[in-house]
2 protein chains.
Amino acid sequence: MTPAASVTSDVVWLDGRIVPASEATVPLSDRGLTAGEGLFETIRVCGGIPFRLESHVARMRESARALGLPAWDLEGAAAAATPFLRLRGLSEGKLKILATAGPPGGRPTVALLAEPASAPAGPAVLALGPVRALPPGLGAHKTLARLEHRLAQEGAVAAGADEALFLAPDGAVLEGTRTNLFLVRGGSLATPPLDGRILPGITRAVVLELVRGAGIPAEEAPLCREDLARADESFVTGTISGVRAASEILGVRRFDPVPGPITARLATLFNETVRRETAGPRWG
Amino acid sequence: MTPAASVTSDVVWLDGRIVPASEATVPLSDRGLTAGEGLFETIRVCGGIPFRLESHVARMRESARALGLPAWDLEGAAAAATPFLRLRGLSEGKLKILATAGPPGGRPTVALLAEPASAPAGPAVLALGPVRALPPGLGAHKTLARLEHRLAQEGAVAAGADEALFLAPDGAVLEGTRTNLFLVRGGSLATPPLDGRILPGITRAVVLELVRGAGIPAEEAPLCREDLARADESFVTGTISGVRAASEILGVRRFDPVPGPITARLATLFNETVRRETAGPRWG
């Protein structure tokens with residue numbers, strides 16, 4: 001079998017089987033569909049290798065436990081990830097793990113899907129709002145309920161921004177729809193804490209590792225609008241964004257269009273980390 | 001064909017076709033599954049007739065418009081409802097309309113499902129909390145994101161209650177996980193307003209019609225914990241609950257275990273309305 005013949009561009013991995021995407025289905029009664037009882041992860045793929053796959057799987061396992069969702073065979077899915085990416089012929093892009101609760105009394109489902117993706121070009125414009133409050137702890141889980149994310153994102157785009165920042169009712173700035181937020185002030189870093197109101201981002205965690213390694217002071221503490229207005233630099237982190245500088249927070253703060261020194265340094269360190277751990281080319 | 005042979009207990013209506021439930025599927029890439037982009041309605045069936053079907057369909061249509069979801073053929077689904085219930089042999093129970101956005105670039109889906117159900121026996125014990133705040137207006141739509149409802153309900157049951165009441169960050173008491181809340185004080189009725197934070201319940205609307213018809217004073221106004229503590233009677237309304245008296249709001253108020261005069265009168269009027277409009281037997 002030649003390498004070309006082994007590349008199958010339109011298949012998914014579904015509970016251990018390779019299935020044409022057009023034939024990959026779930027029951028209409030799957031509680032992932034009928035009640036949003038499911039989780040997903042989006043994982044950056046570089047040189048055919050998923051970056052920090054174990055961290056994504058660990059987050060998913062922890063969320064399943066916390067929310068009373070099924071104990072999916074995530075280890076089986078993780079073991080299948082790299083062979084699946086090879087079969088798909090995907091070198092640069094994203095891998096998605098989709099886990100649904102299944103029909104009442106039925107079998108839960110885990111799927112792997114892969115598609116091309118690349119980091120957005122240039123810095124991000126951020127927009128404050130909307131306000132969001134989930135029942136305690138629910139914000140820490142990457143569930144299938146994404147409609148409010150889409151609406152928030154569409155609102156941001158309509159306002160001329162790239163990403164919306166959810167606010168808590170107490171005014172705390174929480175996170176973007178697909179990103180975590182960092183501020184730099186006086187040479188030190190701040191990002192909202194993992195208090196159950198934000199997703200524990202994998203890229204966020206990698207950046208905090210790099211910050212510690214580089215000896216940059218950092219604190220995880222609630223951020224308010226005034227903190228944003230006083231920041232020297234700001235960036236967002238995410239699977240697709242990597243470390244992406246913010247050029248403006250609409251109505252609050254304009255930054256130098258050239259990323260500040262700490263943002264630029266962390267973006268470089270992050271890209272080096274991805275390249276080193278995946279042995280793949282650098283994104284973006 | 002005998003009537004018995006025409007009853008098919010395990011089928012669904014899926015985009016105009018009758019399909020065995022075991023063969024009814026949606027694509028894995030359906031955005032209803034992957035992103036919660038979909039809506040549902042649960043409609044009481046009495047004597048084989050869905051009660052206030054037009055109101056449910058109108059709510060779904062309005063939500064689809066407001067949320068930028070597809071313009072499903074809801075009229076086609078509504079026209080198929082009663083024949084489908086007859087085919088299913090369902091006289092008393094609930095009809096569900098499930099509408100999903102479909103795969104990216106693909107066709108959206110509408111399904112009808114039917115199952116037996118009956119009103120819960122006796123009065124309800126209610127529990128205050130958890131706090132919830134959705135982006136503006138999102139609370140007015142019956143989307144597929146139900147995990148927070150399940151968690152809230154499980155929390156209420158763990159506390160010894162039957163139903164949880166969501167609170168707003170400002171302390172306003174919003175609604176139950178499947179019901180709207182009413183209070184009675186000094187012979188007049190109060191229920192939270194349709195300010196985008198609660199679902200515009202169909203049973204709630206019927207009760208407000210009946211209240212006006214009966215000359216009972218009623219206002220739609222924000223309710224706080226103190227209003228609950230001072231109420232003479234309280235009841236919840238919902239498709240499955242009908243008009244159900246509350247016997248207690250945990251930690252806030254105990255009511256007479258026998259439903260109060262206004263609650264009892266409205267429960268009777270509501271059941272009469274259902275029976276009259278469906279020509280079916282009385283539930284519960």
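The values are calculated or read from the model by the stated rules, or taken from the named source; none is laboratory data. Keep in mind it's a predicted model, so treat the numbers as computed, not measured. Cβ sites come from the backbone with ideal geometry, for glycine too, and all protein chains shown count toward neighbours. Keep in mind that these areas ignore ligands, DNA and RNA; they rest on the heavy atoms of the full protein, side chains included. Shrake-Rupley method; radii C 1.70, N 1.55, O 1.52, S 1.80 Å.
Below is a table of values for the structure above.
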item	result
Pseudo-label separations to other copies for B:Thr268 - Cα-to-Cβ vector, 7 Å, nm	8.2
Nm distances between copies for B:Glu115, ranked from closest, using label points 7 Å along Cα→Cβ	3.1
Chain B, helix-only ellipticity at 222 nm - DSSP H runs n ≥ 4, -39,500 (n - 2.57), divided by all residues, nearest 500	-9000 deg cm²/dmol
Accessible-area order (highest first, 1.4 angstrom probe) of the listed residues B:Glu148, A:Glu220	A:Glu220, B:Glu148
Residue-level accessible surface for B:Ser55, protein heavy atoms, 1.4 Å, Å²	40 Å²
Total accessible surface hidden between A and B, rounded to 100 Å², 1.4 Å probe	3100 Å²
Max mean-square fluctuation residue, GNM over chain A, Cα-Cα springs under 10 Å, options A:Arg197, A:Arg178, A:Arg132	A:Arg132
A:Arg44, B:Arg254, reordered so the largest accessible area comes first (probe 1.4 Å)	B:Arg254, A:Arg44
Percentage relative contact order, segment B:11-115, counting C-alpha pairs under 8 Å, at least six apart	37 percent
Phi-based couplings in Hz for segment A:71-82 (Karplus 6.51, -1.76, 1.60; Gly and Pro marked x)	7, 4, 7, 6, 5, x, 5, 5, 5, 7, 4, 5
Surface accessible to a 1.4 Å probe, A:Asp232 within the full protein complex, Å²	80 Å²
Percent of alpha-carbon pairs separated by more than 36 Å within the protein assembly as shown	41 percent
Largest-first principal axis extents of the Cα set of segment A:11-115 (Å)	39, 30, 18
Cα-projected label distance for B:Arg107 with A:Glu272, points at 7 Å along beta-carbon direction, nm	5.4 nm
Folded to 0 to 90 degrees: helix B:261-278 orientation relative to chain B principal axis, Cα	20 degrees
Length-normalised contact order for chain A - Cα pairs under 8 Å, 6+ apart - percent	19 percent
Relative contact order (percent, whole number), segment B:140-231, Cα cutoff 8 Å, 6+ residue spacing	27 percent
Using alpha-carbon coordinates, inclination of helix A:147-158 to the longest axis of chain A, degrees	50 degrees
Surface accessible to a 1.4 Å probe, B:Leu112 within the full protein complex, Å²	0 Å²
For B:Ala279, inter-copy label distances in nm, listed shortest first [label point 7 Å out on the Cα-Cβ vector]	7.5
Among A:Ala214, A:Ala231, A:Ala190, residue whose mean-square fluctuation peaks in a GNM of chain A (springs only between Cα atoms under 10 Å)	A:Ala214
Alpha-carbon centroids, segment A:125-172 and segment B:166-190: separation in whole Å	26 Å
Anchor A:Lys142: aspartates and glutamates whose Cα lies under 16 Å away (excluding residues fewer than 8 positions away in-chain)	A:Glu37, A:Glu41, A:Glu54, A:Glu62, A:Glu175, A:Asp195, B:Glu37, B:Glu148
Degrees, to the nearest 10: A:202-213 long Cα axis against longest axis of chain A	50 degrees
